[in-house]
1. Go through the stretch 20-120 and tell me which helices (runs of 4 or more DSSP H), entirely inside it, have 1 or more residues that are crowded, with 17+ Cβ neighbours inside 10 Å, at pLDDT 95 or above and in the same structural domain as residue 8 (by TED's automatic domain parsing).
2. Say whether the condition of being of a type in the set (Asp, Glu) and under 15 Å from residue 55 (Cα atoms) is met by at least one residue in the stretch 84-92.
3. Mind checking which residues of the stretch 42-64 are touching a helix residue (DSSP H, G or I) at 6+ places or on another chain (Cβ under 8 Å) and over 17 Å from residue 117 (Cα atoms)?
Amino acid sequence: MTGSDPYSKIYEELIGFVPPKIQHRIRLGLETDPELLEVIENVREKAMYPDCFDVKTAQLILFAVLISHVSPASEFHARGAVRAGATKEELHAVAGLAFLFRGLPAFNLAAEVINKIFDE
């Protein structure tokens, strides 16, 4: 499911693809409760793109939050930040901030994600 529905487009623009878990959410929502899916996606879009932040800043913040949770989904927001103009140095600085509150597990995941993105 890429590009075949109105919800996938935003993910493709932001990170270049639709992550599998999001594909499942969209598919299930379209099949069972399109109205709920629309509400969820509208709230997600409103929260993810506040008027006071540009896309790069919002994606860097989301990367920090998810790295602090040692979440693999942090990769998607790192990719979004890079596509919005973030540098390797900016992502590394965010990883340093996450290190202060989450330690080496967060910093190690961040390094893995950053290297993966910039090695491609």
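1. 20-32, 34-48
2. Of all residues in the stretch 84-92, those of a type in the set (Asp, Glu) come to 89-90.
Retained after the next criterion (residues that are under 15 Å from residue 55 (Cα atoms)): 90.
For the stretch 84-92, residues of a type in the set (Asp, Glu) and under 15 Å from residue 55 (Cα atoms): present.
3. At the first step, the residues of the stretch 42-64 found to be touching a helix residue (DSSP H, G or I) at 6+ places or on another chain (Cβ under 8 Å) are 45, 48-50, 53, 55-56, 58-60, 62-64.
Correct list: 45, 48, 49, 50, 53, 55, 58.
The values are calculated or read from the model by the stated rules, or taken from the named source; none is laboratory data. Predicted model, so just to flag it, every value in this text is computed and none were measured. When we count neighbours, we look across all protein chains shown, and the Cβ atoms used for this are built from the backbone with ideal geometry, even at glycine.
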